Amino acid sequence: MSWHDPARTGESQADAALRNELRGLLGMPAQPANYFETDVTPELARLADDLRREARRRNHTARRKSSWMLLAAALPFTLLLGAVGSFATVQKHKADLLAAAVTRQEAEIQRLAGVVSHQAQPAAQPAALPSIAQPAPLAKGQPAPLVAGTNPSRKPVQLVIQVDRSPDTPAGAQQNVKAH
């Protein structure tokens, strides 16, 4: 079982202790003076092969896995997070552009409402303020002016066009298409 192996010169204490214990179990001397004093039997050859196989298995399992394997396993998750973050950034940019467009449109509506309210005031009374209790009657189809002195922090007032709710056709002028 013993042989001259240069790899044994640097073996660990645990391996040397295991080897001495196995020699004791097999009935061999602890430190043979002559490497060839024991006869090799098929049982000893089989045991030596088992020991070599076990040593290889231990060396293989004792190796540390490299960190690139961990990085390769995390790559799909990292790509998914990057894609979701990119999508969210694009959507936020679109939302900001739409919010700016709505703000511009609201400012344009307010500007047009101010122009319409100045045109609705009679030319004879430019300095007189209309009474709040008695609003001036509006012509049919003319938009209602905005009330002056409203709080600008409140929601902007929308223009309302008054519509005559009278039916277009009188009730007696209806004709039945199909008689029962």
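Expected output is a single nm value to one decimal: the length gained when fully extending between Gln13 and Thr89, i.e. 0.36 nm times separation in residues minus the C-alpha distance. What is it? All intermediate terms of the calculation are to be shown ahead of the outcome.
Details: separation 76, 0.36 × 76 = 27.36 nm, distance 6.00 nm.
So the extension gain works out to 21.4 nm.
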Using a Förster distance of 41 Å, the FRET efficiency for Thr78-Met28 (Cβ separation, nearest 0.05): 0.10
Value of Rg/Rh across segment 81-123 [Cα atoms, Kirkwood radius]: 1.46
Extension gain (nm, one decimal) between Ala107 and Leu159, 0.36 nm per residue minus Cα-Cα: 17.4 nm
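Computed from the coordinates by the stated procedures, all read-outs in this text should not be read as laboratory data. Everything quoted here is computed from the prediction, not taken from an experiment. Cβ sites come from the backbone with ideal geometry, for glycine too, and all protein chains shown count toward neighbours.
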